[in-house]
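Reading through the structure tokens given below for one structure.
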């Protein structure tokens, strides 16, 4: 097994790590655009997937092989794209940015802290048996994530500061769980590039229908559009494609738990770009998250 297995696993972990950093940047960039630049969450959801989806479509159309892959989906695939695209892209992103507009970037990253639980909840709904060791890994990761985003602190639970923004964060995690679990078969069969491209473009098209009617606030400055570019290419194209590509190389349990690292990355980015300092409990939370990932990867190596 093992060289091939290890090489595939390492590639999957690298892809998952890139997706973690990309998704973490979403919360920092989204907070800056919604709070500082006043851009509407609906506009950001539309722009990020329009930019990323069109870029992937253009790259795919450059070669005959790429065009063949893009237009390989069957009628049944298009039907699944039609509902997975809006759920996993525009609805998920709108919930994230609604959360970013109401809570801090680190706290909004709770969406990814909840993602592993949502993934396993949706998988269990599809009759997937969950082992005790897997549950232990999930619990360790969740405890670590709660410490990192400071819902659990030295003063106890800090729930009083959480309200409507957290509802949107919870919904974002739920929609991402559905997107990941129900899209897995298509990704394995069609490839992550095709799946990511079409779900992004369909999601952007759905939310684009509402753009002329809402009186939404668009980016108006060079700096705002620069952030939109980062959001489209780094936080969206890179993050989504690497996440979906990692599904080819990692078990769902390991990939799901990798999302626990997103709050850690969000706190690190906030430290670099916003000057926020990590506390001792946040570092302890990081240790729990690493333990969680170790449990899951160790379980799947046996």
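The values are calculated or read from the model by the stated rules, or taken from the named source; none is laboratory data. Remember, predicted model here, so these are calculated numbers, not experimental data. Note that we place each Cβ from the backbone using ideal geometry, even for glycine, and neighbour counts take in every protein chain shown.
Among the residues of region 208-216, not a single one is assigned to a helix (DSSP H, G or I), in contact (Cβ under 8 Å) with a residue 60 or more places away in the chain and closer than 21 Å to residue 12 by Cβ. Within the set 55, 106, the sole residue that is modelled with pLDDT under 95, in contact with a helix residue (DSSP H, G or I) (Cβ under 8 Å, 6 or more places away or on another chain), under 23 Å from residue 231 (Cα atoms) and surrounded by 14 or more Cβ atoms within 10 Å (Cβ to Cβ) turns out to be 106. In region 17-43, the residues that are at positive phi and modelled with pLDDT of 90 or more reach residues that are surrounded by fewer than 23 Cβ atoms within 10 Å (Cβ to Cβ) and not in a helix (DSSP H, G or I) with C-beta atoms within less than 7 angstrom, at least six apart or across chains, in these pairs: 38/217. Only one entry of 197, 220 meets the criterion of being surrounded by 24 or more Cβ atoms within 10 Å (Cβ to Cβ) and either in contact with a helix residue (DSSP H, G or I) (Cβ under 8 Å, 6 or more places away or on another chain) or part of a loop (DSSP other than H, G, I, E, B) (or both), and that entry is 197. Are any residues in region 82-103 more than 18 Å from the chain's Cα centre (by Cα) and buried (at least 16 other Cβ atoms within 10 Å of the Cβ), and if so, which ones? The one that is more than 18 Å from the chain's Cα centre (by Cα) and buried (at least 16 other Cβ atoms within 10 Å of the Cβ): 102.
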